[in-house]
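Okay, structure first, notes after.
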Amino acid sequence: MKHLMIAAALLAATAYATPFAFAQSPIDDTPATGTLQVWIGGAEGEKLPAFLADFKAANPGLDVQVTQIPSDQFDTKLLTAIAAGTVPDLVRLYSQSQSGLLATGAFAEVPAGLVDPESFFTNTYNTTVKGGVAYGLPWDAYATIFQYRKDLADKAGLEAPKTWDELKTFAAAMKEQGVEWPISLDVGYDIYNAQGLNEYVHQNGGSFINADQTAWTINSPENVAALEYWGSLISEGFASPDGPKFLDTVPWFTSGQIVAKDNGPWLEQWLVDANGADWVKSNLATAPVPAGPDGSFSALGSGSVAVLKDAKNPDAAWKLARYLTEPATQIAWYKTFGALPAVKAAWDDPSIASNPLLDAEREALQTAVDIPQVATWPQVGTYLGQQMELVARGQASAKDVLDDVQSFAEGAGLGN
């Protein structure tokens, strides 16, 4: 329901937005001054004020005011501020709702020469681009990878599966070893279920939307077959429709109740926190997600920083955005918060390059696929994620579900 309300607010907010983006003046290297208002959601907001100590020291005439907002309230509060004309200067946007927020027209164009677009992973940079114009800078990025219990796989004489068929062979062999649910799938997790299905869809040569993002293609034959394969992992007894939920992954994985999951890189640190670094070194391995007929494609996740058109201090805001996307800053933020860099050069730092568990992550980021970058995706993705549970529980066919979601999506439109 939260995503449906946010989607409605996104569409309404476009009525308040200026319809055209205007190029910003070049940003120089002089120290920023004045007051800079920053809004950021979730746990990152706790870490950011102290993290900015070096930036503040380099800009002694600048007062940086960071406002932490609960992540589930962030979009609504920002839309309210846009409508009221009381916006902050700089915000951190989340990939799941970024396209809708950018569609309001309330964000400033990235100034010419501020950064080199080629320094970022191309797919992450493209999430900020609308009509050939960038309205934000990627701050962090991740792609799903296949993460599995290396110790249990080694005991069964198994390597990481490379294809859909090999995934089922892997799962069947683990069941023979007594593992109850070898594969973990997200069920009942709404929009994130849809984001997960997106990787299966692309692995099968499909897409939720056409190439120029002007029409929904949710019920294409390729997508139906992808959802059928996803559902077969449950119907054939390799995954449970009842868990683990997102935050239950660590205990299920630790106990061996599940053996493998397509997940983000945060799982490593969660397991370190729960079991210690030695346990992770001995028991966790990663690999690219198994390939479907069209190849191995992961789900892309990212976060961006963007400046509002009505910002009172855009000069300082862009200087902070530039600072946050410099390789040295990206490495420092990874060490502080664990967020993986969106800037390619930062991946050569030993803190990342020496971790073999991140090799698959780096490979996956080259080709990871994003959700549809249209304003109504939060609404459509939430509905799709909810309806996928009918397939998981054998209550509807993949074709019936995707036909229904296609109709829903066409009714919702694109909202851009």
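The values are calculated or read from the model by the stated rules, or taken from the named source; none is laboratory data. Since the model is a prediction, treat every value here as computed from it, not as a measurement. Using ideal geometry, Cβ is built from the backbone for each residue, glycine included, and neighbour counts are taken over all protein chains shown. For accessibility, only protein heavy atoms count, side chains too; no ligands or nucleic acids. Shrake-Rupley method; radii C 1.70, N 1.55, O 1.52, S 1.80 Å.
Assorted remarks:
- The residues on offer are 80, 86, and the sole one that is among the hydroxyl-bearing types (Ser, Thr, Tyr), part of a loop (DSSP other than H, G, I, E, B) and open to solvent by 40 Å² or more (accessible area, probe 1.4 Å) is 86.
- Residue in segment 111-153 that is surrounded by the most Cβ atoms within 10 Å (Cβ to Cβ), counting only those that are among the hydroxyl-bearing types (Ser, Thr, Tyr) and under 15 Å from residue 302 (Cα atoms): 124
- Subset of segment 353-369 [in contact with a Gly (Cβ under 9 Å, 6 or more places away or on another chain) and closer than 25 Å to residue 209 by Cα]: 367, 368
- Considering segment 151-183, the residues that are out of contact with any helix residue (DSSP H, G or I) (no Cβ under 9 Å at 6 or more places or on another chain) and charged (D, E, K, R) include one that is nearest to residue 291 (Cα to Cα), namely 162.
- Any pair with Cβ under 6 angstrom, 6 or more apart, that starts in segment 32-46 at a residue that is assigned by TED's automatic domain parsing to the domain that holds residue 71 and at pLDDT below 95 and ends at one that is part of a strand (DSSP E or B) and open to solvent by 50 Å² or more (accessible area, probe 1.4 Å): 45/68
- A search for C-beta distances below 8 Å between a residue of segment 366-383 that is closer than 12 Å to residue 192 by Cα and any residue that is assigned to a loop (DSSP other than H, G, I, E, B) and aliphatic (A, V, I, L, M), counting only pairs 6+ apart in sequence or on different chains, returns 377/371; 380/218; 381/371.
- Output for segment 248-279, where each listed residue is touching a residue at least 60 places away in the same chain (Cβ under 8 Å), outside any strand (DSSP E or B) and not small (Gly, Ala, Ser): 249, 252, 253, 257, 258, 259, 265, 266, 267, 268, 269
- For segment 202-220, the candidate set comprises residues that are assigned to a loop (DSSP other than H, G, I, E, B) and touching a Ser or Thr at 6+ places or on another chain (Cβ under 8 Å); within that set, the residue that is farthest from residue 301 (Cα to Cα) is 220.
- Single unsatisfied condition, residue 298 versus (1) open to solvent by 50 Å² or more (accessible area, probe 1.4 Å); (2) touching a helix residue (DSSP H, G or I) at 6+ places or on another chain (Cβ under 9 Å): (1)
- Hey, residue 313 of a type outside the set (A, V, I, L, M) and farther than 30 Å from residue 203 by Cβ or not: yes
- Only one of the listed residues (342, 353, 316) is among the hydrophobic types (A, V, I, L, M, F, W, C), over 30 Å from residue 222 (Cα atoms) and surrounded by fewer than 19 Cβ atoms within 10 Å (Cβ to Cβ). That residue is 353.
- Lone qualifier among 351, 302 - being more than 21 Å from residue 123 (Cα to Cα) and not in a loop (DSSP other than H, G, I, E, B): 351
- Sub-8 Å Cβ pairs linking a first residue in segment 112-136 that is at positive phi to a second residue that is at pLDDT below 95 and surrounded by fewer than 17 Cβ atoms within 10 Å (Cβ to Cβ), at least 6 apart or interchain, are 113/26, ordered by first then second residue.
- Residues that are buried (at least 19 other Cβ atoms within 10 Å of the Cβ), among the small types (Gly, Ala, Ser) and in contact with a strand residue (DSSP E or B) (Cβ under 6 Å, 6 or more places away or on another chain) occur at least once in segment 238-249.
- Test: residue in segment 401-409 that is of a type outside the set (D, E, K, R), in a loop (DSSP other than H, G, I, E, B), over 17 Å from the mean Cα position of the chain (by Cα) and assigned by TED's automatic domain parsing to the domain that holds residue 201: no
- The residue of segment 154-194 that is most open to solvent (accessible area, probe 1.4 Å), among those that are over 25 Å from residue 357 (Cβ atoms) and free of Cβ contacts under 8 Å to residues at least 40 places away in the same chain, is 176.
- Filter pass, residue 377 being closer than 26 Å to residue 53 by Cα and buried (at least 21 other Cβ atoms within 10 Å of the Cβ): no
- Considered as a group, the residues in segment 145-201 that are of a type in the set (Asp, Glu) and not in a helix (DSSP H, G or I) include one that is farthest from the chain's Cα centre (by Cα), and that residue is 180.
- Residue check for residue 196: on the phi > 0 side of the Ramachandran plot and either at pLDDT 95 or above or not hydrophobic (A, V, I, L, M, F, W, C) (or both): no
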